[in-house]
Amino acid sequence: MLYSMCNKVKMGVGALACIAALGLSGCGTGAQVGGAVDRGLDMEDYTGEESSQPQESTSSQESGGEITDINNTSVENAAAGELNEFGLDLETMDIVKYNIYVELNNTIVEIMDNINNYFLVVDTTEEFRFRDDAEYSYGYRIKGFNLDAVEDAELVYGVEPAYERLDELVEAMLPSMREIMETFDAIDDSEYTYEQNQYQQPKENHARLMACLETFTTYAYEYMEQIDVIADERSAAQEARMLEEGQLIIYNFSHMLTLSSQILDEIYDQGIDDFNLTELDLTPIYPLFEEMQATAAAYDEAVSDSNQLMKESLSNRQVYAGNWNGLIQAFEWMIKQVESGVPYEDPSHEYLGGLQHIYVVLSDRVEDYNGIFVE
């Protein structure tokens with residue numbers, strides 16, 4: 001099971017509401033096809049780094065498994081029954097397709113971050129113009145993309161097993177998603193000579209972005225909600241199996257990510273971000289944080305047991321006690337920030353008591369999970 005991050009990306013300064021009111025349309029419908037995957041925490045609608053839900057391994061053993069390359073056929077699969085056009089049986093295809101959808105979710109999160117950053121500088125009007133209160137320059141924190149996630153999803157959304165509503169959303173969303181990614185590539189690749197030609201290139205980028213934005217965000221938010229439900233179900237089943245098989249190291253590692261997701265979901269459900277963090281009701285957060293502390297202690301105990309390491313085919317170079325100290329500390333700082341009742345003076349930047357810092361630390365742990373237990 002691979003873990004991927006599914007940030008909740010909150011549109012800054014009411015940008016999404018303003019965009020929706022414009023009723024814009026006119027996005028191209030061309031789309032194409034490609035392959036990769038991971039586990040993911042749902043943080044949809046928070047501004048932050050990458051966020052995650054677990055991807056799944058096609059290997060029968062979680063530790064050290066590899067994701068099947070959808071472009072390769074396998075002689076081993078031939079013995080498993082009927083194969084599809086990729087040379088995969090239905091069970092393996094289900095895992096591959098799920099992982100591709102998780103990676104698509106992660107890419108959506110990154111796009112949402114770009115959208116948020118774009119509208120810190122540019123107004124949400126149809127015609128390109130800078131915001132009167134813009135503090136940053138054009139292109140601020142905009143990143144470019146490769147199209148792997150889109151191309152992979154284009155390959156599999158019509159392939160069995162069906163994910164019903166999710167397949168429909170993918171098919172409908174991909175053209176606008178591709179267009180937005182290519183637009184951000186154009187912004188990221190610019191040579192920052194915008195003043196020349198009366199900002200003609202930014203004007204063209206803006207028109208292209210606005211033509212697809214409402215369509216994309218409408219499908220994207222529903223997609224992230226749908227994948228979150230599926231990811232929670234699959235993660236719970238995977239963790240139950242890990243415990244049943246006595247895989248205590250990977251279980252506790254996975255459960256730490258699950259608890260992180262649950263805390264961030266609760267924060268999101270309360271409508272909280274770094275700008276109003278001190279308004280957070282900590283009542284439902286405290287028990288989750290206590291469980292997180294207990295899980296980290298259980299993880300440390302398991303990785304300190306040489307027999308357990310041997311059972312899960314791991315070494316103390318891969319997993320070690322204290323690996324979760326940074327994340328525990330990040331959540332603890334956040335709780336203390338809320339308890340203090342003192343807002344941070346500049347919540348638009350990462351700071352130790354803020355959610356953005358949690359995303360950064362959590363992203364590292366997700367990468368660790370995928371690198372150790374899946375790849």
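The values are calculated or read from the model by the stated rules, or taken from the named source; none is laboratory data. This one's a predicted model, so the numbers in the text were calculated from it and none came from an experiment. Surface accessibility is based on the protein's heavy atoms, side chains included, excluding ligands, DNA and RNA. Shrake-Rupley method; radii C 1.70, N 1.55, O 1.52, S 1.80 Å.
Judged by the ratio a/c of the largest to the smallest principal axis of the C-alpha gyration tensor, the range 158-290 counts as prolate, that ratio being 1.5 or greater while a/b is larger than b/c.
Averaged per residue, what accessible area in Å² does the range 288-375 show with a 1.4 Å probe, protein chains only?
Values: 4310 Å² over 88 residues.
Accessible surface, normalised per residue, equals 49 Å².
The alpha-carbon of Lys336 sits under 18 angstrom from the alpha-carbons of these aspartates and glutamates, leaving out residues fewer than 8 places away in its chain: Glu266, Asp273, Asp274, Glu279, Asp281, Glu290, Glu291, Glu345, Asp346, Glu350. Against the criterion of solvent-accessible heavy-atom surface with a 1.4 angstrom probe, Leu243, Leu277 sort, most first, into Leu243, Leu277. Residue-wise HN-Hα couplings along the range 103-112, as the Karplus relation 6.51 cos²θ - 1.76 cosθ + 1.60 with θ = phi - 60° gives them from phi, are 5, 4, 4, 5, 5, 4, 4, 5, 5, 4 Hz; Gly and Pro carry x.
For Thr258, the solvent-accessible surface with a 1.4 Å probe is about 20 Å², rounded to the nearest 10.
In order along the range 214-226, phi translates into HN-Hα couplings of 5, 4, 4, 5, 4, 5, 5, 5, 5, 4, 5, 5, 5 Hz, rounded to whole numbers, per the Karplus curve 6.51 cos²θ - 1.76 cosθ + 1.60 with θ = phi - 60° and x for Gly and Pro.
Ranking Tyr140, Tyr344 from most to least accessible surface, computed with a 1.4 Å probe over the protein chains only, gives Tyr344, Tyr140.
Listed by chain and number, the aspartates and glutamates whose C-alpha is less than 13 Å from the C-alpha of Lys311, apart from same-chain residues fewer than 8 away, are Glu62, Glu245. Rounded to the nearest 10 square angstrom, Arg365 shows an accessible area of 40 square angstrom against a 1.4 Å probe.
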